[in-house]
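Values in this text are rule-based calculations from the coordinates and carry no lab data. Model, not experiment: these values are computed from the prediction. For neighbour counting, all protein chains shown are included, and Cβ atoms are generated from backbone atoms with ideal geometry for every residue, glycine included.
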Amino acid sequence: MFQKSVRYQVLKGIYSFIDYQSIAGDNLKSVKLYDKIAPYYNISQKIYFLLKFGSERKFRMQFLNELTIKDTDRVLETSTGVADNFKYLNNKAEYTGVDISLKMLEQARKNAKRWRITSTFVHCEAENLPFKDHYFDVVFHCGGLNYYNDKQKAILEMIRVAKPGTKIVIVDETQKLVKDNYQKNPVLKGHFADAAKACIPLQLIPEGMLNIKSEIICNDTIYKISFTTPY
């Protein structure tokens, strides 16, 4: 799974490839925010989705239905958070979740164990994935890309670790969600102060990708991009 040249340590069953002292910029802001809210993230999301969309499932399936996952597939989610998406997908596949927040991954590992989902959790920056080239059958990202240090590099890394012909799905918040919700939340507003960063990054999809599609979903609060890596 991992490149031979990379070093890591195992912290509470999580493979960690970064030192907090090396994190900077927007990525550091993300770590501070999500480490802080990790213990409450799961329940707060459930309540929000229930009130806004009728249920968490109704919200998540608006983008997870883009994924076709076979029993034997290796699946990667970058910015996995507490791994809430995994429970709505094929539980016979093999999952890997990446996040920059170790506290979120600790919650993710507990969730996956409770749901009996085969999974590995990796603490790293999405701009520097430690995996071998062309390793994953399915690659997707849900939330966080807008406020990465380097969105372009993160997208290129998703492409690098995906097998030829893999469909990649990227989902994140729109400016509407940032302005109408996050910037009015006293806990979140500092991290999401620049709403202009929540733009659909179509220009960052490199030439040569196939079947590029873009759509605004979830009552105009989420954008969804999908494309296929060339064969």
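What separates the Cα centres of region 35-62 and region 125-199 is a distance of 18 Å.
Taking the helices alone, the chain has a mean residue ellipticity at 222 nm of -9500 deg cm²/dmol, built from -39,500 (n - 2.57) per DSSP H run of at least 4 residues and averaged over all its residues.
Sorting the segments 224-230, 18-24 by their mean number of nearby beta carbons within 10 angstrom, highest to lowest, gives 224-230, 18-24. This model, with +1 at the C-beta of Lys and Arg and -1 at the C-beta of Asp and Glu, gives the chain a dipole about its Cα centre of some 700 debye.
Helix screen, the chain: DSSP H segments with Cα axial length of 18 Å or more and mean Kyte-Doolittle hydropathy at least -1.0 are 25-53. Rounded to the nearest Hz, the phi-derived 3J(HN,Hα) couplings of region 181-186 under the Karplus curve 6.51 cos²θ - 1.76 cosθ + 1.60 (θ = phi - 60°) are 10, 4, 6, 9, 8, x, where x marks glycine and proline.
Here region 1-139 carries DSSP beta bridges of which approximately 20% are antiparallel, counting only pairs with both residues inside.
Shown here for region 107-157: trypsin sites (Lys or Arg not before Pro) in loop regions (DSSP other than H, G, I, E, B) with at most 14 other Cβ atoms within 10 Å, namely Arg116, Lys132. Between Lys87 and Tyr8, the modelled label-to-label distance comes to 2.5 nm, taking each label 7 Å out from Cα in the direction of the beta carbon. Amide H contacts of Cys142: Thr78, Val171, each under 5 Å away and 5 or more positions distant or on a separate chain (H built 1.01 Å from N in the peptide plane; Pro and chain starts excluded). The gain in end-to-end length when the Tyr40 to Tyr20 segment is fully stretched comes to 5.0 nm, 0.36 nm per residue minus the alpha carbon separation. For the chain, averaging the sequence separation of C-alpha pairs within contact (under 8 Å, six or more residues apart) and dividing by the residue count gives a relative contact order of 19 percent. Only one item in [x] 29, 21, 16; [y] 27, 21, 17; [z] 23, 21, 19 matches semi-axes √(5λ) of the Cα gyration tensor in Å derived from the coordinates shown, and that item is [z].
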